[in-house]
Each structure stands twice: as structure tokens, then as C-alpha cells.
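The values are calculated or read from the model by the stated rules, or taken from the named source; none is laboratory data. For clarity, every value in this text was computed on a predicted model and none was experimentally measured. In this analysis, Cβ positions are derived from the backbone assuming ideal geometry, glycine residues included, and neighbour counts consider all displayed protein chains.
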Amino acid sequence: MVIKEVFPNPTVKKVVFQIRFPNLFSMENMIGDYQLKIMEKFPNSKLIFQRNILIAQMGPEAKIEELPEDLSSAAVTKIWNFISEKGVELNVQNNSLDITSSLHKTYNNPDEEVRFRDSIKFTLDSFFEVTNIPKLKRIGLRYIDDCPVPAKESKSFKEHYNSTFKLDRFPIENAVEMSFTARVKRNDHFLRFRESLKDIDGNLKFTLDFDSYAFDVQSKDYLSVTDSFHQLISDEYETIIKEPIYDYMRKAKE
């Protein structure tokens, strides 16, 4: 079941939503209309030019001046960037849209005013009104959690987490870096899960990374599909953390 409690000190540090769609050559003509629809909640905007790196295979006798003119400069991608007053970031390209937030503490708790689901719905409903995209090539929801490690001890770690790490063979006490990655299919959706532990100057950083996604989704179904992603990720998260982590999240952030 989805965790309904909203914690003052959640482990989640970043949540990302993304859609990909066929390349829209008309995006540059439509982005102004889209900006007007979202301006109230995303008042800050800028245009970013991202240059792709070109790697050319050349013989030992070749000279850079001999490159064809159409290869002498790398392609440039335009990114329309919009940022809310609280720092939620929205990026639009010719073939994708993504929302990144380090602000939200809940996806859809009815008792909270700031919900990530509302941000998704606001930006996507407006986007589809402008673009009329019928079908998405890919849609995904990702959560990245930075979790506390109270002690560099396998016994303590097991008390806090139901980890995938084989601690009997590779104890935490000796850990410099450990990771586990799985990509699985759940009904019509996919889940990529990564669990990593790294010793950084004597301090252990433990990260949980959940990325749920699907392909070839009708645009009208985007919200129900995203809800199912959240359910899947929440279920997986609950299988990993134990009661001491709930207690940690209930405490005010220091």
C-alpha cells in the first residue's frame, strides 16, 4: 500500500517525471503559448543551448581543416527551461518534457497543499492542450533517496534496512563501495532499481534509486499510468526500509 504519512524529514531527495514523444518540428512555434499557460506557477524562464559533442574518426595524416563543413560544428539542442518560485524545474525539448523537484514531500496526500501529482497534472494538461500529442513513446517516474547509515556495522544496517547486499559475505565494516541493480517487468510497466553504498571520507552514503516507466502510452492515460508508477515504487520502498527509518523521517530535520 502507498505510504500515506507525510514526513518532516523524508529520505527522498529528488523526484523526476518525464515524457518522451516523437520529435515535434513545430515546438518552437508552440512554446510561447505553452509558456503563457504555465507562467503563473513557473514564472522564471530561460532558453538553454546544449551542444552535442562530435567524435570523428580520422587517419594519422588527416587535419582538422579537412573535416566537411557540416561536421565542423556540433549540433545544438534547444531546451526551454522554466522554474517555479520554490525551485521546481521544468524542461521542454522537441521530443521530451521533464519535471524535477527537491521540494515535494508527498505525491498525492490530500492533507498537503504541495503535491507532486498536482505539478505533473498542471504542466501536462497545459502541454497537451497546446501540442495535441496523441501518444507518448515513453513515460517515467523516478525517486532518488539518500538514506541514513547510523553506524558502519552490518548488524546495525540490517536493523534499519532489508537490503539486497550479501552482508554475510561482504560486511559493511569492510565496505568501500557496493551496488546492486535490477531491471524487471511488472505487468505492463518496467522498474529499474539501484541500491548503492559508498564510503566518502569515512562517511557512508546509502542511496536508493527507483525508476518506473512504460512505453507507447496514450496521452489521455498519462495520469493513471503515473499513479501506478508511484504505487509500484512505494511498495518497493516499503520492502526495504524498517521501523528505525520511519522514526528517523518523523523527526524534524536538523
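Before moving on, here are some points about what is shown:
- When Phe21 is tested against the conditions (1) modelled with pLDDT of 85 or more; (2) loosely packed, with under 11 Cβ neighbours inside 10 Å, the lone failure is (2).
- The range 168-188 - residue that is under 17 Å from Pro148 (Cβ atoms) and more than 26 Å from the chain's Cα centre (by Cα) and, of those, surrounded by the most Cβ atoms within 10 Å (Cβ to Cβ): Ile172
- Ser196 in a strand (DSSP E or B), surrounded by fewer than 16 Cβ atoms within 10 Å (Cβ to Cβ) and of a type in the set (Ser, Thr, Tyr): yes
- Single residue of the range 71-116 satisfying the filter (loosely packed, with under 14 Cβ neighbours inside 10 Å and among the β-branched types (Val, Ile, Thr)) that is nearest to Lys137 (Cα to Cα): Thr77
- Residue in the range 47-69 that is over 21 Å from Asn94 (Cβ atoms), in contact with a helix residue (DSSP H, G or I) (Cβ under 9 Å, 6 or more places away or on another chain) and at pLDDT 55 or above present: no
- Subset of the range 107-120 [of a type outside the set (A, V, I, L, M, F, W, C) and at pLDDT below 90]: Asn108, Asn109, Pro110, Asp111, Glu112, Glu113
- Filtered residues of the range 145-174 (kept if in contact with a strand residue (DSSP E or B) (Cβ under 9 Å, 6 or more places away or on another chain) and either touching a residue at least 40 places away in the same chain (Cβ under 8 Å) or assigned to a helix (DSSP H, G or I) (or both)): Asp145, Asp146, Cys147, Pro148, Val149, Lys152, Phe157, His160, Tyr161, Asn162, Ser163, Ile172
- Here the range 1-27 is the region considered, the condition is being charged (D, E, K, R) and within 19 Å of the chain's Cα centre (by Cα), and the residue that is farthest from Lys242 (Cα to Cα) is Arg20.
- Scanning the range 76-90 for residues that are under 14 Å from Lys41 (Cα atoms) and part of a strand (DSSP E or B) yields Asn81, Phe82, Ile83, Glu89, Leu90.
- If you go through the range 185-204 and pick out every residue that is closer than 19 Å to Phe165 by Cα, at pLDDT 95 or above and not aromatic (Phe, Trp, Tyr), you end up with 7.
- Qualifying positions in the range 25-47 - exposed (fewer than 15 other Cβ atoms within 10 Å of the Cβ) and not in a helix (DSSP H, G or I): Phe25, Ser26, Met39, Glu40, Pro43, Asn44, Ser45, Lys46, Leu47
- Within the range 104-126, residues that are without any contact (Cβ under 8 Å) to a residue 60 or more places away in the chain reach partners that are in a loop (DSSP other than H, G, I, E, B) and surrounded by fewer than 18 Cβ atoms within 10 Å (Cβ to Cβ) with beta carbons closer than 6 Å, at six or more positions or on different chains, in the pairs Arg115/Asn108.
- If the condition is being touching a residue at least 24 places away in the same chain (Cβ under 8 Å) and in contact with a strand residue (DSSP E or B) (Cβ under 9 Å, 6 or more places away or on another chain), then the range 25-40 contributes Met27, Glu28, Ile31, Tyr34, Gln35, Ile38.
- Checking each residue in the range 1-23 for being aliphatic (A, V, I, L, M) and more than 16 Å from Ser126 (Cα to Cα) picks out Met1, Val2, Ile3, Val6, Val12, Val15, Val16.
- Residue count for the range 206-241, restricted to those that are assigned to a strand (DSSP E or B) and of a type in the set (Ser, Thr, Tyr): 3
- Cβ pairs under 8 Å, 6+ apart, first in the range 226-249 and over 16 Å from Pro148 (Cα atoms) and in contact (Cβ under 8 Å) with a residue 40 or more places away in the chain, second in a helix (DSSP H, G or I) and basic (Lys, Arg): Thr226/Arg117; Asp227/Arg117; His230/Arg117
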